[in-house]
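Participant: Supplied in C-alpha cells, the structure appears directly below.
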C-alpha cells in the first residue's frame, strides 16, 4: 500500500471510531451492555446490595436499594448529594419497571441509612427478580469500558419525546424596589434552572425572551402540574412571632403598620385558622443554608432546615428572648406551622412540619434550596406534548427515512453497480457522523431535524452521482480506469464544493436568524453537508483508489 494513502486512511479510521464512540451510548444496546443507570449511580447503589422480598402483608414484591457508603461516589458527596443520588436511582428503577410492564411505587425513604424501598404490586420474590432483570439497570460488561465513551447522548426534542412547553412573564409589579427588571428576569432564569435540575429533569431548555418572558421546555415530563407548582412557587420563607390566632379573621384586631394577617396553609380553599403576626420577620430564607426532607417519629414527611452562621445567630437570639411564645413559619404568605418556643435553639436548625405528602415535602425542600424568586411569575402559555404523539412522530419520521434510504440504495446499486454500493455505504457513514456531531455539540434531534437529515442524505447521493457520471465520461474517452477515477474526481470537485458551500451558507442564515424547529432543521442539515464533503471527496475516492490502484485495471463496475 502506497504511503500516499496513509493520511487519508488514518483520518477515515479516526472519524469512524469517534463517530461510533459518540453514537453508541444513544443506541438501545448501551443499556444492554452498560445499564440504564449511570456508572456513578451503579457504584453508589451496587447490584450486590439489592434486597428482594415482599411487603409485611405478603401481597406485593419489595426491593430495597441500598447506598454503598464505602464507594468513592458516596464518599465525595455531602448528605444532600447522597440523598439526590438515591432519589435519582429510585426514580430510574421505578420508571424502568413500568416500561417493562410492571407497576412500581417508591415508599419509605430512609436517607439516614441510605435505603429507599420500591413496592411492586402483584409480584412475589422470584417474579420481581425476573421483572428486575428485564430492566437492564446494571452493566453486564466491566464498567471500566464505559469510560471510553462520552456521557452525553442524543437529545430528543419535545416533538419526539413529549413533554411540556411553558411561557412565563415576570410580574414587574412584584419586583422589589431598587431591583432592575433585567436583573430580576436573569435571576428568575437561574433559580428556575436550579429547581429543575434538583427535580431531576434531563436536558431542560430555559431561556429569556422579549417582553420579560421566560420560555421553559421540559422533554420527557410525566407530571406537568407538579413542575408548574415547583416553578411558580416564589419560596419566600420567613419566621414571624405570633401575636394572636383565631378561626375567623374578623375577630383579630390588626394594625397594618405593626401587624401582619396571614392564613394557615391548607388543602381546602377556606383557611382553617388565621394568624396575627409581628410584621417584621425575625429570620428569613436569605439566611438558609440548606433544606432536605426527613421524617418525624411517626414517619410523616417534614422539611429539615439549616441556617448559615448569621441565620443561626438570629435564630438563637429570637428563640432565647421569646421562650413560651409561638414562632410562625411562613412560606409564600401562608403559615405552615407555628410551634411554641420551648428553649433557646442554637446550631441554626429548624423544621417545617405539616400535613405533607412525600412529594410536597420534596418540592418544598427543592424550592427552598434553590432560593426565592425575585418576582412572581404569570403563566402565559402551557402546551403539553403527549409521549404518544412523540412516539408517533418518531415512528413516522423513521418510517419515511427508511423508505427513502431503501429507495436510494436500490437505485444506486441498480444504476452504478459496485460504485453504487460504495455510495450507499458512504451515506450510512455520513448519517453516523451526523449523530456523532449532535452528541459532541449538544444538539437536539427534532422532527424538522429528521427532515434535515433525510435531505442531507439526498444531497450526499447527488454528490456521488455527479462524481460517477464524470468518471463514466472519462471512461468513454478511452482513458484507463485509474486515470478515469482521478480525472472524474478532479473535474467534479469544484461543482460538489460549490453546491455544498452555498447550501452551508444558507444553513448558517437559517440557524442565526431562525428559531425553534427552523434551527433544528438547520443543525442536522449543516452537519450532514459537512459530512457529505468528507465522505464523497475523501472516503469514496480513497476506496476506489485502493480498489483500482493498479494501473493495468481494465474494467470498472459503474
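Participant: Could you tell me which residue of the stretch 360-374 is farthest from the chain's Cα centre (by Cα), considering only residues that are part of a loop (DSSP other than H, G, I, E, B) and modelled with pLDDT under 70?
Facilitator: So the residue we want is 372.
Participant: Quick one: residue 173 ticks every box in (1) over 25 Å from residue 34 (Cα atoms); (2) exposed (fewer than 13 other Cβ atoms within 10 Å of the Cβ); (3) not assigned by TED's automatic domain parsing to the domain that holds residue 361 bar one, so which box is it?
Facilitator: Among (1) over 25 Å from residue 34 (Cα atoms); (2) exposed (fewer than 13 other Cβ atoms within 10 Å of the Cβ); (3) not assigned by TED's automatic domain parsing to the domain that holds residue 361, residue 173 violates only (3).
Participant: On to the next question. Condition (residue is under 30 Å from residue 294 (Cβ atoms), in the same structural domain as residue 190 (by TED's automatic domain parsing), touching a helix residue (DSSP H, G or I) at 6+ places or on another chain (Cβ under 8 Å) and modelled with pLDDT of 70 or more) applied to the stretch 375-386: is it met by at least one residue?
Facilitator: Yes, because at least one residue in the stretch 375-386 is under 30 Å from residue 294 (Cβ atoms), in the same structural domain as residue 190 (by TED's automatic domain parsing), touching a helix residue (DSSP H, G or I) at 6+ places or on another chain (Cβ under 8 Å) and modelled with pLDDT of 70 or more.
Participant: Which of the helices (runs of 4 or more DSSP H) contained wholly in the stretch 464-558 include at least 2 residues that are in contact with a strand residue (DSSP E or B) (Cβ under 9 Å, 6 or more places away or on another chain) and buried (at least 20 other Cβ atoms within 10 Å of the Cβ)?
Facilitator: The qualifying helices (runs of 4 or more DSSP H) are 517-534.
Participant: Let me ask something else. Kindly evaluate residue 329 against the criterion of being more than 20 Å from residue 295 (Cα to Cα) and either modelled with pLDDT of 75 or more or crowded, with 18+ Cβ neighbours inside 10 Å (or both).
Facilitator: For residue 329, the condition - more than 20 Å from residue 295 (Cα to Cα) and either modelled with pLDDT of 75 or more or crowded, with 18+ Cβ neighbours inside 10 Å (or both) - is not met.
Participant: Would you kindly identify the helices (runs of 4 or more DSSP H) lying entirely within the stretch 70-162 that contain at least 3 residues that are assigned by TED's automatic domain parsing to the domain that holds residue 42, out of contact with any strand residue (DSSP E or B) (no Cβ under 6 Å at 6 or more places or on another chain) and at pLDDT below 85?
Facilitator: 72-76, 79-99, 125-134
Participant: Restricting attention to the stretch 192-226, which residues are assigned to a helix (DSSP H, G or I), surrounded by 18 or more Cβ atoms within 10 Å (Cβ to Cβ), touching a helix residue (DSSP H, G or I) at 6+ places or on another chain (Cβ under 7 Å) and modelled with pLDDT under 80?
Facilitator: 195, 198, 199 - these are the residues of the stretch 192-226 that are assigned to a helix (DSSP H, G or I), surrounded by 18 or more Cβ atoms within 10 Å (Cβ to Cβ), touching a helix residue (DSSP H, G or I) at 6+ places or on another chain (Cβ under 7 Å) and modelled with pLDDT under 80.
Participant: What number of residues within the stretch 28-40 are in a helix (DSSP H, G or I) and crowded, with 22+ Cβ neighbours inside 10 Å?
Facilitator: Total meeting the criteria: 1.
Participant: Would you please name the residue that is nearest to residue 91 (Cα to Cα), looking only at residues in the stretch 227-252 that are exposed (fewer than 15 other Cβ atoms within 10 Å of the Cβ) and touching a residue at least 12 places away in the same chain (Cβ under 8 Å)?
Facilitator: 229
Participant: So if I check each of 51, 47, which one is out of contact with any strand residue (DSSP E or B) (no Cβ under 8 Å at 6 or more places or on another chain) and at pLDDT 85 or above?
Facilitator: Only one candidate passes the filter, namely 47.
Participant: While we're on this one: Within the stretch 130-146, can you find the residues that are farther than 14 Å from residue 31 by Cα and either out of contact with any helix residue (DSSP H, G or I) (no Cβ under 9 Å at 6 or more places or on another chain) or free of Cβ contacts under 8 Å to residues at least 24 places away in the same chain (or both)?
Facilitator: 130, 144
Participant: Can you say whether residue 147 is surrounded by fewer than 19 Cβ atoms within 10 Å (Cβ to Cβ) and within 24 Å of the chain's Cα centre (by Cα), as far as the supplied structure shows?
Facilitator: It is true that residue 147 is surrounded by fewer than 19 Cβ atoms within 10 Å (Cβ to Cβ) and within 24 Å of the chain's Cα centre (by Cα).
Participant: For the stretch 256-271, which positions are out of contact with any helix residue (DSSP H, G or I) (no Cβ under 9 Å at 6 or more places or on another chain), at pLDDT below 85 and either under 22 Å from residue 291 (Cβ atoms) or surrounded by 11 or more Cβ atoms within 10 Å (Cβ to Cβ) (or both)?
Facilitator: Scanning the stretch 256-271 gives 264, 265, 266, 267.
Participant: May I pose another question? Quick check, is residue 186 in the same structural domain as residue 233 (by TED's automatic domain parsing), closer than 26 Å to residue 445 by Cβ and in contact with a strand residue (DSSP E or B) (Cβ under 8 Å, 6 or more places away or on another chain)?
Facilitator: Spelling it out, it is not the case that residue 186 is in the same structural domain as residue 233 (by TED's automatic domain parsing), closer than 26 Å to residue 445 by Cβ and in contact with a strand residue (DSSP E or B) (Cβ under 8 Å, 6 or more places away or on another chain).
Participant: Looking at (1) surrounded by fewer than 14 Cβ atoms within 10 Å (Cβ to Cβ); (2) over 21 Å from the mean Cα position of the chain (by Cα), can you tell me which one residue 99 breaks?
Facilitator: (2)
Participant: Then there's this: What number goes with the only condition from (1) at pLDDT 85 or above; (2) within 23 Å of the chain's Cα centre (by Cα); (3) farther than 30 Å from residue 535 by Cβ that residue 31 does not pass?
Facilitator: Checking residue 31 against (1) at pLDDT 85 or above; (2) within 23 Å of the chain's Cα centre (by Cα); (3) farther than 30 Å from residue 535 by Cβ, the one that fails is (3).
The values are calculated or read from the model by the stated rules, or taken from the named source; none is laboratory data. Here the structure is a predicted model, which means the values were calculated and not measured. So basically every Cβ, Gly included, is an ideal-geometry build from the backbone, and we count neighbours across all protein chains shown.
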